[in-house]
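Asks: One structure coming up, written as structure tokens, with questions to follow.
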Amino acid sequence: MRKKVITLVLCSCFVAIPAWAGNGPYLHGVGASNSALGGVSTALATDIVGALTYNPALLTQFEGDQIYFGAEVFTDKPVATATFNGTPGRPDGSFTTESETEPGVLPAIGFSHHFKNKKATLGFGLLAVAGFRTDWPHDASNPIFAPQPDGFGSIKTNLAITKIPIAWAWEATPKLSVGVAAVIHRGGLAISPLPPAAPDCTLPDPASGRAVDCFFVDADNVVSAHAIGIQAGIYYKKSATWAFGFSYETEKDFDDYTWESLVTLPYIRNPDNSLTPNPLLGTRRVVTYPLDLPAIASFGIGYTPPGSKWKIGFDARWYGLASTDGAGGVGGFRPDYGLNEIGWDDMLVGAIGVVYEPKPGLTWRFGFNYSETPIQEEVAFTSIGTPPTFQDHYAVGVGIALNQKITLDLGAYYAAPNSVTGPLLSAFLVANPTTLDQQKLPGGTFTIEEEILSALVAVSYKF
């Protein structure tokens, strides 16, 4: 039986996993029980998937062998609004477009083996942990989504991050456990058009008010990149009432995402304003984008009142996004008119989770998660394809023991709508812009909004 389970989990590594976000680009929790607790799992041992995600030292708290299969189905609703007030060449008003994303599915698989008569536990996971996606349609009424070179046209983005931890935990003393994991990350990314790549440009239409007319290349096929990191954690059970945990995961340095694309500039505009077909149109062009994942630090407190049916956990988490290649940076556009990284800031997250067990075999879970949005107002526009505006997450779940070995977990959460507003930016107001002020469209503002509704189910088996 054990060999069959391990083989099934290993084969699952080759499945492409779509992901979405909740704490910035990261899910606020992984799996039905962990998500229902708002992502609390640094000092409160609830399931092996939560331990594999946030603190490998917690694996010592689970006896025997366990296998966990979970799935999350979610819907999200990105909305973008461009507003003009006295903007040269634009009528006053607001123009709103909704992304046409379809429901998504996220898996979570975990396995742990507690060595008999020993204090060590081995763990393995295949976890959808992070990502983003948008599907902005062509919208002639919204200047952002007008056809190039007037706007970006249709924008489609999809990042899916899979975390594959191989963890080992050791109970150093009855009170102290330590854990470490080698963490493989696989990313799949598609962005079309690709603003981070320098566009193909020519002289502008004199009536447009632009310094140049540019066309961004397509990168709509999903390409893969990989990174390896280390995660280490400690778990200290001070008493039967109080427990503390801490973990740290290193920054993940991915290979550059690389696409085989084509030159998209359809014409060359001559000084006399006549157009000549571009002889390079459709020829091969290789484009790349470096996009890494941040370092993560987590601190947790677990509280179990004596003789109570309640457990309470609190987690605080830091994501070092500002210094992460591709995600942090300045934001806005470079002098070559390409996107100057996304411009995200570091992010702090706080979560509280409550467990209530009214009787054996039945567990209720409640959670609240608050995250800062990594989007900075000044460069909110450069998050048009990466809109993690979320802040408040409300979660609930239930666990039902079907027998002594099998447990069914159900969960749901709602990330309420939240928006970020900043200046409307354009890379083409001046030739080769070097400052953010040169990119601000006078009288223009941009607002990005997002929300998520999700349902989760999982089955765990002890053997």
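The values are calculated or read from the model by the stated rules, or taken from the named source; none is laboratory data. No experiment lies behind these values; they were computed from the predicted model shown. Here the Cβ positions follow ideal geometry from the backbone for every residue, glycine too, while neighbour counts run over all protein chains shown.
Asks: Residues that are among the aromatic types (Phe, Trp, Tyr) and closer than 19 Å to residue 455 by Cα: which strands (runs of 3 or more DSSP E) entirely in the stretch 25-128 hold 2 or more of them? Quick ask: steps written out before the conclusion?
Replies: Working: elements: 65-76, 79-84, 93-98, 104-114.
Passing ranges, in order: 65-76.
Asks: Now, a different point. Take residue 388 and decide whether it is closer than 20 Å to residue 23 by Cβ and either surrounded by fewer than 17 Cβ atoms within 10 Å (Cβ to Cβ) or modelled with pLDDT of 95 or more (or both).
Replies: no
Asks: Determine if the stretch 414-422 includes at least one residue that is in a strand (DSSP E or B), more than 20 Å from the chain's Cα centre (by Cα) and closer than 17 Å to residue 387 by Cα.
Replies: yes
Asks: Every residue in the stretch 262-302 that is assigned to a strand (DSSP E or B), closer than 16 Å to residue 217 by Cβ and hydrophobic (A, V, I, L, M, F, W, C), please.
Replies: 262, 286, 287
Asks: Which residue out of 205, 218 is among the acidic types (Asp, Glu) and more than 24 Å from residue 388 (Cα to Cα)?
Replies: It is 205.
Asks: Would you check if there is a residue in the stretch 274-288 being among the charged types (D, E, K, R) and crowded, with 17+ Cβ neighbours inside 10 Å?
Replies: No; the residues of the stretch 274-288 include none that is among the charged types (D, E, K, R) and crowded, with 17+ Cβ neighbours inside 10 Å.
Asks: Would you list the strands (runs of 3 or more DSSP E) that sit entirely within the stretch 140-239 and hold 3 or more residues that are farther than 27 Å from residue 445 by Cα? Reasoning before the result, please.
Replies: Working: elements: 155-171, 176-192, 200-202, 213-215, 219-236.
By residue number, 155-171, 176-192, 219-236.
Asks: Here's a follow-up. What number of residues in the stretch 144-172 are modelled with pLDDT of 95 or more, farther than 17 Å from residue 132 by Cβ and among the β-branched types (Val, Ile, Thr)?
Replies: 2
Asks: Right, here's the next one. Just one of (1) in a loop (DSSP other than H, G, I, E, B); (2) in contact with a helix residue (DSSP H, G or I) (Cβ under 6 Å, 6 or more places away or on another chain) trips up residue 456, so point out which.
Replies: So residue 456 meets the others, but not (1).
Asks: Residue by residue through the stretch 63-93, note down the ones that are closer than 16 Å to residue 52 by Cα and touching a helix residue (DSSP H, G or I) at 6+ places or on another chain (Cβ under 6 Å).
Replies: 66, 67, 68, 70
Asks: Do any residues in the stretch 423-450 that are at positive phi and assigned to a strand (DSSP E or B) have Cβ atoms under 9 Å from those of residues that are surrounded by 22 or more Cβ atoms within 10 Å (Cβ to Cβ) and not charged (D, E, K, R), where the two are at least six apart or on different chains, and which pairs are they?
Replies: From residues that are at positive phi and assigned to a strand (DSSP E or B), the pairs are 443/424.
Asks: Within the stretch 181-202, can you find the residues that are surrounded by 20 or more Cβ atoms within 10 Å (Cβ to Cβ), under 28 Å from residue 228 (Cβ atoms) and more than 16 Å from the chain's Cα centre (by Cα)?
Replies: Selection gives 181, 183, 194, 196, 197.
Asks: Can you run down the residue pairs with Cβ atoms below 9 Å, 6 or more apart or on separate chains, where the first is in the stretch 237-260 and among the aromatic types (Phe, Trp, Tyr) and the partner is loosely packed, with under 15 Cβ neighbours inside 10 Å and part of a loop (DSSP other than H, G, I, E, B)?
Replies: Going by the 9 Å Cβ cut-off, the qualifying pairs are 244/238.
Asks: What number of residues in the stretch 423-452 are under 25 Å from residue 389 (Cα atoms) and either surrounded by 15 or more Cβ atoms within 10 Å (Cβ to Cβ) or aromatic (Phe, Trp, Tyr) (or both)?
Replies: Result for the stretch 423-452: 19.
Asks: Taking residue 225, is it of a type in the set (A, V, I, L, M, F, W, C) and more than 25 Å from the chain's Cα centre (by Cα)? Steps first, please.
Replies: Numbers: of a type in the set (A, V, I, L, M, F, W, C): yes; more than 25 Å from the chain's Cα centre (by Cα): no.
So residue 225 fails the test.
Asks: Being part of a loop (DSSP other than H, G, I, E, B) and hydrophobic (A, V, I, L, M, F, W, C) is the filter here, so list the residues in the stretch 348-391 that pass it.
Replies: Start the filter on the stretch 348-391 by keeping residues that are part of a loop (DSSP other than H, G, I, E, B), which leaves 360-361, 372-376, 384-391.
Residues satisfying the conditions are 375, 384, 390.
Asks: On the given criteria, is residue 254 surrounded by 15 or more Cβ atoms within 10 Å (Cβ to Cβ) and assigned to a strand (DSSP E or B)?
Replies: Criteria not met by residue 254.
Asks: Condition first: over 30 Å from residue 380 (Cβ atoms) and either more than 24 Å from the chain's Cα centre (by Cα) or among the aromatic types (Phe, Trp, Tyr) (or both). Can you find one or more residues in the stretch 147-164 that meet it?
Replies: So far as the stretch 147-164 goes, no, none of its residues is over 30 Å from residue 380 (Cβ atoms) and either more than 24 Å from the chain's Cα centre (by Cα) or among the aromatic types (Phe, Trp, Tyr) (or both).
Asks: What do you reckon, is residue 173 in contact (Cβ under 8 Å) with a residue 40 or more places away in the chain, surrounded by fewer than 24 Cβ atoms within 10 Å (Cβ to Cβ), of a type outside the set (Gly, Ala, Ser) and more than 21 Å from residue 49 (Cβ to Cβ)?
Replies: no
Asks: Let me confirm something: among 329, 320, 361, 343, which residue is surrounded by fewer than 24 Cβ atoms within 10 Å (Cβ to Cβ) and within 16 Å of the chain's Cα centre (by Cα)?
Replies: On inspection, the qualifying residue turns out to be 320.
Asks: Name the residues in the stretch 364-376 that are over 17 Å from residue 435 (Cβ atoms) and under 19 Å from the mean Cα position of the chain (by Cα), would you?
Replies: Of everything in the stretch 364-376, those that are over 17 Å from residue 435 (Cβ atoms) and under 19 Å from the mean Cα position of the chain (by Cα) turn out to be 368, 369, 370, 371, 372, 373, 374, 375.
Asks: Would you tally the residues in the stretch 86-132 being closer than 23 Å to residue 76 by Cβ and loosely packed, with under 14 Cβ neighbours inside 10 Å?
Replies: Number satisfying all stated conditions: 5.
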